[in-house]
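Report on the following structure.
The values are calculated or read from the model by the stated rules, or taken from the named source; none is laboratory data. Just so it is clear, the model here is predicted, and its values are computed rather than measured. FYI the Cβ positions are ideal-geometry reconstructions off the backbone, even for glycines, and counts take in every protein chain you see.
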């Protein structure tokens, strides 16, 4: 692993991005264990499903955006021993934890870079596949960010994401709202002051995001960015959402006005 990180962060960060940076600054040390426990051990399952959806092949170069402490990057390397992974994240604190995870890995297999998803420091079509995790709630323009992510994927390459979701069924949605409004803040407070802040933040953040950007609209963002065959998988009654697609060939037709109706949604 490279011993130094290249910074591409924008010094004039928006309020949303400053909030995200502050939120994650105190979390890295116990992030993996607590994110699993507070999701009732669903978060690791969702991340494994994300990597399975991406299905990297031998010799491919994969970009993991919002890599955090490197959990998805590690899973990618475990699934495909001959792949190389570049992880990028705006949080220096999270990347420091990721570097500890990959201290024994050679730089030819994994590289970690500090930078912004909205302005990736890579040429067009420079990766065979791309993953991103819990990203779109923290950017000011999700549609433009998805377009930027698609830009660096070669035609025919795979893109997959994991985001929190709001369960669509009434009973599951009621339980989700109760947990995010009451249970999560209490459990977070038992862990630490920083996790108490996360507990208070997550529920309103997730609900507000989907009020502004309904799931079918997000599918539209993907298709407008040149991604096709978009599939949506609701997991754990809809608490997690894994999406996957392919980068359209340069000569392929642009999606029509009704394209987002063609996305396939499944549950598990």
**Message:** Can you say whether residue 52 is over 30 Å from residue 249 (Cα atoms) and either surrounded by fewer than 22 Cβ atoms within 10 Å (Cβ to Cβ) or within 15 Å of the chain's Cα centre (by Cα) (or both), as far as the supplied structure shows?
**Reply:** no
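Per-residue answers, yes or no, for (1) part of a loop (DSSP other than H, G, I, E, B); (2) modelled with pLDDT of 95 or more; (3) surrounded by fewer than 19 Cβ atoms within 10 Å (Cβ to Cβ):
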| position | (1), (2), (3) |
| --- | --- |
| 217 | no, yes, yes |
| 220 | no, yes, no |
| 231 | no, yes, yes |
| 244 | no, yes, no |
| 250 | yes, no, yes |
| 253 | yes, no, yes |
| 256 | yes, no, yes |
| 261 | no, no, yes |
**Item:** Failed item, numbered, when residue 125 is tested on (1) buried (at least 20 other Cβ atoms within 10 Å of the Cβ); (2) more than 15 Å from the chain's Cα centre (by Cα)
**Value:** (1)
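Per-residue answers, yes or no, for (1) out of contact with any strand residue (DSSP E or B) (no Cβ under 6 Å at 6 or more places or on another chain); (2) surrounded by 15 or more Cβ atoms within 10 Å (Cβ to Cβ); (3) more than 17 Å from residue 152 (Cβ to Cβ):
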position	(1), (2), (3)
80	yes, yes, yes
84	no, yes, no
90	yes, yes, no
94	yes, yes, yes
98	no, yes, yes
102	no, yes, yes
107	yes, no, yes
112	no, yes, no
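Among the helices (runs of 4 or more DSSP H) confined wholly to segment 84-179, which include 2 or more residues that are farther than 14 Å from residue 222 by Cβ?
92-101, 170-178
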